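First the structure, in the form of structure tokens, and then the observations on it.
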Amino acid sequence: MIQGDEATHRVSAPARPLSRLRFLERLMSIDQTFYGSDFGQLSSQDPEIAGVLLSELDRLRGGLQLIASENLTSPAVLAALGSTLSNKYAEGYPGRRYYGGCSEVDKAEMIGIARAKALFGADHANLQPHSGASANLAVYGAFCQPGDTILAMSLPHGGHLTHGSKVSFSGKWFNAVHYGVDKETEDIDYAQVATLARQHRPKLIVAGGSAIPRLIDFEFFRNLADEVGAIFWVDAAHFIGLVAGKAIPSPVPYADVVTFTTHKVLRGPRGGMLVCKEEHAAKLDKAVFPMMQGGPLMHCIAAKAVNLHECAQPAYEVYAKQVIANAQQLASSLGERGIRPITGGTDTHLSLHDLQGIGVTGKDAEARAGAAGIVLNKNAIPFDPQPPNTASGIRVGTPSVTTQGMGTDEMKLIADLIHQALTQTDGDPDNAKATEIRGQVTDLVGRFPAYPRSGS
Ligand code: PLP
């Protein structure tokens, strides 16, 4: 079934190579039919959903986005995501598909693989995981049997659900042993990691998580994995963008496999990816497809390739370093206002803050900040006395505001606005103080617009 104006959607395959003039003519006609007017098409066909897209853009533009795992991806990445590559079934890998008609998507995937290998200095890359959780599932599929033991960071201390939480497949199907942070330093308790590894001799040792503000000692983990005969896996979802921008050390030389999401600091489309040593390549590819997934999302793989090219540019290195400088400033400015950074600060794009000093829970903080136009999330802190859905902390991150062009001066202002929102408002957007802070937020984001309108 073809919907809409069939004639304007058809682009027939060229019988012979196009002249440059013809190519440009055709490009312009495609531009009008698919990319130039697609929002117009959507809004006339489905105003309800078009309205949601517009109001989400307003929401993004109108507030301060401090969720550490989010970013504002580029129009070029969004164009690839909204392309006809979404239509193509391409089970398998380039050159070995289970469907015909894969010549063009093969090119996109091969370009993406080459770019990932070059950017991360990896032997092998797989761009097909639909998400970070899918990439992680593939690691278990490649190296473990149900019931095997894995060693990972505990969720309440900064790990991730897919690292053995009981509510995830990883904790249901595998025997997860967890390490945590040291009570004094609040950083990974490396002595505990070593003790548990020697005691349990796990199949997999995992480093990485969702709320770890400090650099991880990959060499320590590598040596320990070798000592106990484990596979060393780094889940770099949060910080891989900083590695791509050469702002922090890379886990790739140390780990057997590195999985990550592509939509956090990296600033690509929503999705997952893995890079690994050559010796594990075939095993991991088979674990992604056909063990864990069906057809890859080829539009998303093309968008990942676009993003990897962006990350290889000098401007991205400047960005990655600024993300860290901003996170450090934000963490210390919040600390000066009694909102204590866990571990005393950060080496990365995020900081975790203990709110007990200002007598506010994480849940209330999230609501109070939200009412003032500041989007952040509640987060458990290590040894948290509150249950996870209340929590004593917040997590803040700088990927989005740095993409908008903000620097350390703006981080000082943001810390002040967060402090005011948390201590002087009540989570009601009509609260007079919340309205006043929202006005300051609007001024600030107006100077650094997300997705600026052309000409602004
Ligand atoms: N691993 C880590 C460390 C993460 O932080 C996340 C998501 O936040 C994931 C895996 C899962 O990624 P996704 O939400 O794409 O499944």
**Report entry** Options G272, G209: the member that is within 12 Å of the ligand (Cβ to nearest atom), among the small types (G, A, S) and crowded, with 24+ Cβ neighbours inside 10 Å
**Finding:** G272
Query raised in the report: Got a number for residues in the stretch 127-156 being assigned to a helix (DSSP H, G or I) and either of a type in the set (F, W, Y) or within 13 Å of the ligand (Cβ to nearest atom) (or both)?
Result: 11
Query raised in the report: Tell me, which residue of the stretch 157-187 that is crowded, with 16+ Cβ neighbours inside 10 Å and hydroxyl-bearing (S, T, Y) is farthest from the ligand (Cβ to nearest atom)?
Result: Y179
Requested in this report: For residues that are within 18 Å of the chain's Cα centre (by Cα) and not in a loop (DSSP other than H, G, I, E, B), scanning just the stretch 69-79, find the one that is nearest to the ligand (Cβ to nearest atom).
Outcome: V77
Query raised in the report: Is the stretch 114-126 home to any residue that is touching a residue at least 40 places away in the same chain (Cβ under 8 Å), within 16 Å of the ligand (Cβ to nearest atom) and closer than 21 Å to L274 by Cβ?
Result: yes
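Residues checked against (1) assigned to a helix (DSSP H, G or I); (2) assigned by TED's automatic domain parsing to the domain that holds K117; (3) of a type outside the set (V, I, T):
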position: I324; (1), (2), (3): yes, no, no
position: T348; (1), (2), (3): no, no, no
position: L352; (1), (2), (3): no, no, yes
position: G357; (1), (2), (3): yes, no, yes
position: A367; (1), (2), (3): yes, no, yes
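Per-residue answers, yes or no, for (1) hydroxyl-bearing (S, T, Y); (2) modelled with pLDDT of 95 or more; (3) touching a helix residue (DSSP H, G or I) at 6+ places or on another chain (Cβ under 9 Å):
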site	(1), (2), (3)
A312	no, yes, yes
Y316	yes, yes, yes
S332	yes, yes, yes
P341	no, yes, yes
H349	no, yes, yes
H353	no, yes, yes
G362	no, yes, no
A367	no, yes, no
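The values are calculated or read from the model by the stated rules, or taken from the named source; none is laboratory data. Note that the structure is predicted; figures quoted are calculated from it, not measured. Don't worry about glycine lacking a Cβ; one is built from the backbone with ideal geometry, like all the others, and counts go over all protein chains shown.
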